[in-house]
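Undergrad: Take a look at the following structure, please.
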Amino acid sequence: MSEKIWSERQTATWKTKVGLAEMLKGGVIMDVTTAEQASIAEEAGAAAVMALERVPADIRAHGGVARMSDPKIIKEIQSAVSIPVMAKCRIGHFVEAQILEALEIDFIDESEVLTPADDHFHVNKQQFKTPFVCGCRDLGEALRRIGEGAAMIRTKGEAGTGNIIEAVRHMRSVLDGIRRLSSAPEEELMTEAKNLGAPFELVVEVARAGKLPVPNFSAGGVATPADAALMRQLGAESVFVGSGVFKSANPRKRAKAIVEAVTYYNDAAKLAEISMDLGEPMTGIEMSEIDGEQRMAVRGW
Amino acid sequence: MNTIGVLGLQGDFAKHHAMLSRLGVKAELVVTPEQIGRIDGLVIPGGESTTIGKLMAGYGLLEPLKARIAGGMAVFGTCAGMILLARRIQGSVQIRIGAMDIEVNRNAYGRQISSFEADIPVSFIREPARGVFIRAPIITDTGREVSVLGEFEGRPVLVRQGKLLASSFHPELTEDGRIHEYFLAMVDR
């Protein structure tokens with residue numbers, strides 16, 4: 001192999017970054033904390049796993065500062081499965097991101113689930129060869145993250161609650177924003193960009209295409225196959241499941257059921273079959289029980 | 001008019017569907033065994049081959065598809081789709097269609113950080129095709145009935161055996177429809 005070809009292939013282009021996000025469509029990305037859980041997720045048909053020290057429900061219960069996972073755990077999970085492995089860095093913590101890239105993580109989630117490292121700025125994701133996924137609550141936030149280089153967007157929901165209401169709110173908000181731009185006359189787009197706090201070029205692109213320039217997934221609060229199918233029907237192209245699998249009574253069964261629900265999201269008869277006899281789901285939290293300070297979704301600027 | 005199925009269980013099926021529609025053919029996302037019975041050709045997209053294989057077997061698509069392939073239906077597999085078509089997968093016992101006499105090594109080009117693009121000379125077109133390789137599999141061996149239509153660094157990346165076509169890379173992620181057109185000609189014949 002020549003030097004030239006080697007250096008050429010070291011540059012992950014935008015196409016390969018977004019391309020990997022395309023490959024994950026119609027799939028489920030599951031949070032796992034051990035190699036054993038990663039194997040269970042892969043066995044159930046997960047399209048990727050998110051390597052974590054604690055699932056969001058435990059981060060919530062544990063309190064304190066939540067950081068990037070121990071590289072040892074990440075490496076163990078990488079060697080346990082053949083599917084892509086993602087991991088989270090704190091918002092704005094570009095050194096954690098550098099470490100994750102050095103570990104050859106397939107996708108970095110700059111995530112509100114961890115304690116932010118910077119309360120003004122996110123990571124400049126353009127500088128990395130590894131693709132990034134970021135959370136959003138509305139179209140403006142989505143486009144700011146894409147402007148910074150995110151190759152995939154996920155609506156945030158409220159992680160670790162097992163309550164789907166915030167995921168629904170955020171997905172509706174993003175899609176509503178897109179519909180609004182699609183029908184806006186050209187001369188209004190600059191003011192729309194100002195109001196959204198989003199890059200003008202991306203606002204124009206979304207207005208013309210009627211969709212985000214990167215895949216749009218959903219996260220935060222999925223606990224049942226019906227939750228996953230709901231997000232798919234609302235417009236999510238894939239679903240992240242955090243605490244919903246391994247905080248339930250029967251992770252193997254539930255994981256497989258959620259994978260199937262994401263594929264057959266439009267077939268109510270199949271969903272009924274899939275939802276049968278899964279054991280107890282994770283215990284959910286009502287939103288009013290979470291103080292403003294404890295809400296993860298508000299992290300992101 | 002032929003109907004070309006795109007296996008829609010998981011992966012980048014939407015990109016293949018868009019490409020086929022742009023080429024003016026009737027494309028349909030396939031998720032049930034009944035659909036396997038009425039299509040004229042099938043594209044198996046990229047994605048996670050383990051996930052797609054499990055869903056195919058779990059929802060009864062695997063055996064009908066094997067039967068259609070035995071009956072001469074044309075199938076095009078990209079990346080994960082190629083893995084599912086391969087008879088031999090190094091170090092894996094995963095579910096597969098196994099109709100093509102090739103051996104593959106999954107993710108052999110490395111993890112995502114080693115994903116890359118390169119120009120691929122292809123036997124049936126004059127200008128090379130742009131190959132987008134994403135955590136791509138390497139074809140490590142081909143049987144006697146397999147012809148190599150495209151190579152990268154001395155390894156086959158586009159191969160054909162009878163009515164089966166497979167690529168390590170993703171033509172559906174580009175604007176270039178020439179490889180899909182070649183597949184559509186295989187369906188017609």
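The values are calculated or read from the model by the stated rules, or taken from the named source; none is laboratory data. Because the structure is a prediction, the values reported are computed rather than measured. Cβ placement follows ideal geometry from the backbone for every residue including glycine, while neighbour counts extend to all protein chains displayed. Note: accessible area is taken over every heavy atom of the protein model, side chains too, but ligands, DNA and RNA are not part of it. Shrake-Rupley method; radii C 1.70, N 1.55, O 1.52, S 1.80 Å.
Undergrad: Run the accessible area of the protein assembly as shown with a 1.4 Å probe and give the carbon-and-sulfur part as a rounded percent.
TA: Answer for the protein assembly as shown is 50 percent, counting heavy atoms of protein chains only.
Undergrad: Going through the cross-link list A:LYS211/A:LYS256; A:LYS75/A:LYS156; A:LYS15/A:LYS256; A:LYS17/A:LYS75, which pairs have a Cα-Cα distance over 28 Å in this structure?
TA: A:LYS211/A:LYS256; A:LYS15/A:LYS256
Undergrad: May I ask you to derive the relative contact order of region B:3-188, considering only C-alpha pairs under 8 Å and at least 6 residues apart, and to give it as an integer percent?
TA: The value is 19 percent.
Undergrad: Please give, to one decimal in nm, the separation of the simple spin-label points placed at A:ALA102 and A:LYS75, each 7 Å out from Cα toward the Cβ.
TA: Simple spin-label model gives 1.2 nm for this pair.
Undergrad: Say each of A:THR115 and B:GLU127 gets a label point 7 Å from the Cα, pointing the same way as Cα to Cβ; how far apart are those two points in nm?
TA: Each label point lies 7 Å from its Cα, and together they span 5.5 nm.
Undergrad: Between B:GLN94 and B:ALA108, what is the spin-label point distance in nm, taking each point 7 Å from the Cα along the Cα→C-beta axis?
TA: 1.5 nm
Undergrad: Based on the mean of other Cβ atoms within 10 Å per residue, sort peptides A:176-187, A:255-266 so the most packed one is first.
TA: Packing proxy ranking, top to bottom: A:255-266, A:176-187.
Undergrad: Applying 1/(1 + (r/R0)^6) with R0 = 25 Å to the Cβ-Cβ distance of A:ALA61 and A:LYS253, what FRET efficiency is obtained, to the nearest 0.05?
TA: With R0 = 25 Å, the Cβ-Cβ based efficiency is 0.55.
Undergrad: Set the Förster radius R0 to 56 Å, insert the Cβ-Cβ distance between A:THR34 and B:MET1 as r into 1/(1 + (r/R0)^6), and round the FRET efficiency to 0.05.
TA: With a Förster radius of 56 Å, E is 0.60.
Undergrad: About the Cα centre, and with charges only on the beta carbon of Lys, Arg (+1) and Asp, Glu (-1), how big is the dipole of the protein assembly as shown? Nearest 20 debye, please.
TA: 880 debye
Undergrad: Quickly estimate the mean residue ellipticity at 222 nm for chain A, helices only: each DSSP H run with n ≥ 4 gives -39500 (n - 2.57), and the total goes over all residues, rounded to 500.
TA: Helices in chain A give a 222 nm mean residue ellipticity of -13000 deg cm²/dmol.
Undergrad: Might you work out the accessible area of B:HIS17 for me, using a 1.4 Å probe with all protein chains in place, and round it to the nearest 10 Å²?
TA: 60 Å²
Undergrad: Got a number for the accessible area of A:VAL174? Probe 1.4 Å, square angstrom, nearest 10.
TA: Counting only protein heavy atoms, the figure is 0 Å².
Undergrad: If you don't mind, another one. State to the nearest 20 debye the size of the charge dipole of region B:3-188 about its Cα centre, where the only charges are +1 on K and R beta carbons and -1 on D and E beta carbons. Display every interim value, and only then the final one.
TA: Numbers: 20 positive and 20 negative charges, 77 e Å.
About 380 debye.
Undergrad: Please list B:136-143, B:73-80 highest first by mean number of surrounding beta-carbon atoms within 10 Å per residue.
TA: In decreasing order of mean packing, B:136-143, B:73-80 become B:73-80, B:136-143.
Undergrad: Which shape class, rounded, prolate or oblate, goes with region A:46-111 when its Cα gyration tensor gives a ≥ b ≥ c as root eigenvalues, a/c under 1.5 marks rounded, and past that a/b bigger than b/c marks prolate?
TA: The shape class here is oblate.
Undergrad: Lys/Arg Cβ at +1, Asp/Glu Cβ at -1, dipole of region B:3-188 taken about the Cα centre: which of B:ALA185, B:LEU61, B:LEU165 is farthest positive-ward?
TA: B:LEU61
Undergrad: Order B:53-62, B:7-16, B:81-90 from most to least packed using the mean count of other Cβ atoms within 10 Å.
TA: Highest-to-lowest ranking by the protection proxy: B:7-16, B:81-90, B:53-62.
Undergrad: Could you order B:GLU151, A:GLU148, A:GLU96 by accessible surface area, starting with the largest, using a probe radius of 1.4 Å? List each step's numbers first, then the result.
TA: Details: B:GLU151 95, A:GLU148 45, A:GLU96 10 Å².
In descending accessible area the options line up as B:GLU151, A:GLU148, A:GLU96.
Undergrad: If DNA, RNA and ligands are ignored and the probe is 1.4 Å, what is the ranking of A:ARG144, A:ARG90 by accessible area, most exposed first?
TA: Listed by decreasing accessible area, they come as A:ARG144, A:ARG90.
Undergrad: Could you pull out the pairs from A:LYS270/B:LYS66; B:LYS66/B:LYS163; A:LYS270/B:LYS54; A:LYS253/B:LYS66 whose alpha carbons sit more than 18 Å apart here? The partial results should precede the final answer.
TA: Values: A:LYS270/B:LYS66 24 Å; B:LYS66/B:LYS163 13 Å; A:LYS270/B:LYS54 16 Å; A:LYS253/B:LYS66 28 Å.
Violating the 18 Å Cα-Cα cut-off are A:LYS270/B:LYS66; A:LYS253/B:LYS66.
Undergrad: May I ask you to compute the full-extension gain from A:GLU186 to A:ASP267, defined as 0.36 nm times their residue separation minus their alpha-carbon distance, rounded to one decimal in nm?
TA: Taking 0.36 nm per residue and subtracting the Cα distance, the gain is 25.3 nm.
Undergrad: As a test of the formula, what do you get for chain B when each DSSP H run with n ≥ 4 contributes -39,500 (n - 2.57) and the sum is divided by the residue count, at 222 nm and rounded to the nearest 500 deg cm²/dmol?
TA: Dividing the helical sum by the residues of chain B leaves -7500 deg cm²/dmol.
Undergrad: So what is the relative contact order of region A:18-96, in percent, for Cα pairs below 8 Å that sit 6 or more residues apart?
TA: 31 percent
Undergrad: Here's something else I'd like to know. Can you give the local net charge around B:ASN105? Use residues other than it whose beta-carbon is closer than 15 angstrom to its beta-carbon, Lys and Arg +1, Asp and Glu -1.
TA: Numbers: positive: B:ARG87, B:ARG88, B:ARG96, B:ARG106, B:ARG111, B:ARG135, B:ARG155; negative: B:GLU103, B:ASP141, B:GLU153.
Net local charge, B:ASN105 excluded: +4.
Undergrad: Is the shape of chain B best called rounded, prolate or oblate, per the rule: a/c under 1.5 gives rounded, else a/b larger than b/c gives prolate, else oblate, with a ≥ b ≥ c the square roots of the Cα gyration tensor eigenvalues?
TA: rounded
Undergrad: Let me ask another. Looking at the square roots a ≥ b ≥ c of the eigenvalues of the Cα gyration tensor of chain A, which shape do they give, rounded for a/c under 1.5, prolate if a/b is larger than b/c, or oblate?
TA: rounded
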